[in-house]
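Take a look at the structure below.
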Amino acid sequence: MTIAKSQPKLTLPDHKQLPESDGTFVKNFQEHPQSLLLTDSIYPVLNALHPDGRYAIGQDCGIYWRLTEPPECGAEAPDWFYVPNVPPLLNGERRRSYVLWKEIIAPLIAIEFVSGDGTEERDRTSPFAGDESKAGKFWVYEQAIRVPFYAIYEVEKASVEVYELIGNRYQRCRPNQRGHYPIPQLGVELGIWQGEYLNQTLPWLRWWDSEGNLLPTGDERANLEKERADLEKQRSERLAAKLRDLGVDPETV
C-alpha cells in the first residue's frame with residue numbers, strides 16, 4: 001500500500017514579506033504637499049466616522065492584488081487612498097503595504113495625480129495570458145482591486161475626473177452644481193480649489209462637506225479659531241466700553 005505524502009501548506013506572504021517600494025521616484029514636487037493637503041483636511045471627518053480609529057490612509061503605498069515574480073508587478077501604488085474599517089497598524093507595527101489577500105477590504109477611494117499625459121492613469125489594458133504585467137492601472141482599480149471610487153487629478157489642467165464602480169464597470173461621475181464630486185459614504189465632495197498651500201499657488205485637489213463648505217487644514221482651523229477668538233475679544237471690549245459710558249462697571253455685571 002502506498003501512503004500519500006501530505007503536501008506542505010501554502011502560506012501567502014504578508015505586508016512584511018513583500019517589497020514596500022518599487023524603487024521609482026515621486027514624479028514632481030507637488031505630489032507630496034497634495035497628499036498632505038488631502039489627508040490633513042479630512043482627518044476630522046474620518047475620526048468622526050471611525051471613533052474606534054479603524055481606518056487607514058495610504059500615500060504612494062503598494063496595494064498588492066496578486067502574487068507575481070517579481071512581487072512589485074502584482075501591486076499598484078495610488079498617490080492617495082483610504083480604506084475604512086481596518087486598523088492603521090498591524091499587530092502594533094506600521095504597514096509596509098496593503099495586501100488584499102490578507103485584508104479582504106478594498107479601499108473606498110483611490111486617487112492618482114497625473115504627471116505625464118494621463119495615459120497611464122487611464123490605461124484599461126487587461127492582462128494578457130501569460131503576461132499579467134501588462135495590466136493597465138485603470139483596469140486594475142476597476143476589475144482587480146474593485147475600488148468603488150477612482151479619481152484622476154491633473155494639476156496642469158486644473159481638473160479631476162471621478163469614476164464610480166457601478167456593477168462591474170466604472171462610470172464617469174457628473175459634477176454637482178458646485179463643480180464637485182460627492183463621495184456619499186464619506187459625506188464629502190471632491191473638487192478643485194485655487195489657492196496657496198505650502199508656498200505653492202496652484203489648482204489643488206481638495207475636500208468640501210456636503211453643504212459646500214471647504215474642509216480646512218489644521219493650520220486653517222487654527223487660524224479660524226484665532227479669528228473667532230479675536231472677534232469675540234473685540235465684541236467684549238466694545239460692550240465694556242459702552243457700559244463704562246453708561247456709568248456701569250463691566251466687572252460688576
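The values are calculated or read from the model by the stated rules, or taken from the named source; none is laboratory data. Predicted model, so just to flag it, every value in this text is computed and none were measured. Note that we place each Cβ from the backbone using ideal geometry, even for glycine, and neighbour counts take in every protein chain shown.
Summary table below
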{"quantity": "Residue match in the range 174-185 (condition: within 19 Å of the chain's Cα centre (by Cα) and without any contact (Cβ under 8 Å) to a residue 12 or more places away in the chain)", "calculated": "yes"}
{"quantity": "From the options 98, 82, residue that is within 20 Å of residue 139 (Cβ to Cβ), of a type in the set (Ser, Thr, Tyr), in the same structural domain as residue 127 (by TED's automatic domain parsing) and in contact with a Gly (Cβ under 9 Å, 6 or more places away or on another chain)", "calculated": "98"}
{"quantity": "Scan of the range 49-66 for residues that are assigned to a loop (DSSP other than H, G, I, E, B) and either in contact (Cβ under 8 Å) with a residue 24 or more places away in the chain or within 16 Å of residue 100 (Cα to Cα) (or both), ordered by number", "calculated": "50, 53, 54, 59, 60, 61, 62, 65, 66"}
{"quantity": "Residue within the range 150-160 that is part of a loop (DSSP other than H, G, I, E, B) and either within 21 Å of residue 43 (Cβ to Cβ) or touching a Lys or Arg at 6+ places or on another chain (Cβ under 7 Å) (or both) present", "calculated": "no"}
{"quantity": "Residues being among the charged types (D, E, K, R) and assigned to a loop (DSSP other than H, G, I, E, B) - total across the range 172-220", "calculated": "3"}
{"quantity": "Flag for residue 87 being touching a strand residue (DSSP E or B) at 6+ places or on another chain (Cβ under 7 Å) and either in a loop (DSSP other than H, G, I, E, B) or assigned by TED's automatic domain parsing to the domain that holds residue 154 (or both)", "calculated": "no"}
{"quantity": "Filter result for residue 14 (modelled with pLDDT of 70 or more and out of contact with any strand residue (DSSP E or B) (no Cβ under 8 Å at 6 or more places or on another chain))", "calculated": "no"}
{"quantity": "Failed condition for residue 206, given (1) exposed (fewer than 13 other Cβ atoms within 10 Å of the Cβ); (2) among the charged types (D, E, K, R); (3) within 15 Å of residue 152 (Cα to Cα)", "calculated": "(1)"}
{"quantity": "Subset of the range 87-107 [without any contact (Cβ under 8 Å) to a residue 40 or more places away in the chain and under 13 Å from residue 61 (Cβ atoms)]", "calculated": "88, 94, 103"}
{"quantity": "Close pairs from the range 240-253: first among the basic types (Lys, Arg), partner surrounded by fewer than 11 Cβ atoms within 10 Å (Cβ to Cβ), Cβ under 9 Å, at least 6 apart", "calculated": "none"}
{"quantity": "Flag for residue 71 being surrounded by fewer than 15 Cβ atoms within 10 Å (Cβ to Cβ) and either at pLDDT below 95 or more than 20 Å from residue 95 (Cα to Cα) (or both)", "calculated": "no"}
{"quantity": "Residue 239 vs. criteria touching a strand residue (DSSP E or B) at 6+ places or on another chain (Cβ under 9 Å) and either in a helix (DSSP H, G or I) or surrounded by 14 or more Cβ atoms within 10 Å (Cβ to Cβ) (or both)", "calculated": "no"}
